[in-house]
1. When you look at GLU88, is it surrounded by 18 or more Cβ atoms within 10 Å (Cβ to Cβ) and among the acidic types (Asp, Glu), yes or no?
2. Out of the stretch 48-73, which residues are touching a residue at least 60 places away in the same chain (Cβ under 8 Å) and in contact with a Phe, Trp or Tyr (Cβ under 6 Å, 6 or more places away or on another chain)?
3. Provide a single number: the residues in the stretch 255-290 that are within 16 Å of the ligand (Cβ to nearest atom), surrounded by fewer than 21 Cβ atoms within 10 Å (Cβ to Cβ) and assigned to a helix (DSSP H, G or I).
4. Only one of GLY70, GLY75 is closer than 30 Å to ALA154 by Cα, within 16 Å of the ligand (Cβ to nearest atom) and touching a strand residue (DSSP E or B) at 6+ places or on another chain (Cβ under 6 Å). Can you tell me which?
5. Got a sec? Which of ASP93, ASP104 is exposed (fewer than 14 other Cβ atoms within 10 Å of the Cβ), assigned to a loop (DSSP other than H, G, I, E, B) and free of Cβ contacts under 8 Å to residues at least 40 places away in the same chain?
6. Pairs please, first residue from the stretch 291-302 and crowded, with 18+ Cβ neighbours inside 10 Å, second anywhere and among the aromatic types (Phe, Trp, Tyr), Cβ atoms under 6 Å, 6+ apart in sequence or on different chains.
7. Looking only at the stretch 54-69, count how many residues are surrounded by fewer than 14 Cβ atoms within 10 Å (Cβ to Cβ) and in a loop (DSSP other than H, G, I, E, B).
8. Scan the stretch 147-164 for residues that are more than 15 Å from ALA196 (Cα to Cα) and aliphatic (A, V, I, L, M) and jot them down.
Amino acid sequence: MDRRDFFKTSLMGAGALAVASGPLGLVRGCAPSAPVKSQTPLHLSFQLGTAVGESLAEKMDYMESLGIEGFEPGGGYLLEHFDEIANEIKNRDIKVSAICAGFDGFILAEDGQKQEFDTSMREIVEAAGKLGSTGVIMVPAFNGQQPCMPHTQATRDYLCEQLHELGEFALKCGTTVILEPLNRAEAFYLRLVSDAAAICRDSKSKGVKCMGDFWHMKEETSDYAAFMSAGTEYLQHVHIASRGNRKMPGEDGALDNYVDGMRALKEMGYDKYISFECGSIGDRSVTVPAAVELLRTQWEQA
Ligand code: MG
């Protein structure tokens, strides 16, 4: 069969199929059932420093008053305040979202820092699982961390193997590990959500997930495409900050537009958290409620 015959046959086959099932049936048969965009709720989360208040209880009260549903502690804080956190969330509509790092060492270290990572990361993962956290955030290697394995295929293969083991451990603990891509000034190794998602896939463990951080996502050419590339299979968490200076969303004015990314999250039916990871130029008692309002408005628009 030459090329022309092949196309003729293929088109005839496609035509017969279309006649048999009708054009609409064909489209329906191929398309995944998309969640209804307008029904995807927004779940917001705060890190410890975001909320107004001194004690954890005061901060939780404040979060509840704003309808914040998730709390993202650092890994060190989680271990030191485990009972206090468990006690505080017991009778509230707030859950532990992700855990923000907090381990020692790093996974791509060429020296004893790798063992430090393995030990301390697993301790945090265990505690995270006990509190029902969505996962523990990690970066494979920051730019300044040395001695670091070279950025090669062999290193990527090693990373996937190590993540597989860690992911399986996290699953047994009832949680996950979440890869965070950063901008190139902080971590050249992993910069794009799609690359993080591909590492999740190649790690072959459902316990290995990834996230996007609107601040670091200046590396992306499209917020929408970045989130879509991970999809709900891999996307486990989102960080948010103002897009000029990493302050409270809204403090950088028109730059703080998240609609394109939010549209992807709504279309894919993302059911995890968007968590504040930012400072504030202004008085938090003013900027935090304004930021929450801004995000809810943009979520509606998306
Ligand atoms: Mg972040």
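The values are calculated or read from the model by the stated rules, or taken from the named source; none is laboratory data. Predicted, not measured: the structure shown is a model, and the values here were computed from it. Counting neighbours? That spans all protein chains shown, and the Cβs are built from the backbone with ideal geometry, glycine included.
1. On the way: surrounded by 18 or more Cβ atoms within 10 Å (Cβ to Cβ): yes; among the acidic types (Asp, Glu): yes.
Answer is yes for this residue.
2. The answer is THR50, ALA51, VAL52, ILE68, GLY70.
3. Total satisfying the criteria: 0.
4. Working: GLY70 fails: closer than 30 Å to ALA154 by Cα.
Exactly one of GLY70, GLY75 is closer than 30 Å to ALA154 by Cα, within 16 Å of the ligand (Cβ to nearest atom) and touching a strand residue (DSSP E or B) at 6+ places or on another chain (Cβ under 6 Å), namely GLY75.
5. Selected residue: ASP93, the only one of ASP93, ASP104 that is exposed (fewer than 14 other Cβ atoms within 10 Å of the Cβ), assigned to a loop (DSSP other than H, G, I, E, B) and free of Cβ contacts under 8 Å to residues at least 40 places away in the same chain.
6. Once the first residue is crowded, with 18+ Cβ neighbours inside 10 Å and sits in the stretch 291-302, its partners that are among the aromatic types (Phe, Trp, Tyr) give GLN298/TYR258.
7. Going through the stretch 54-69 one residue at a time, the tally reaches 3.
8. MET149, ALA154 - these are the residues of the stretch 147-164 that are more than 15 Å from ALA196 (Cα to Cα) and aliphatic (A, V, I, L, M).
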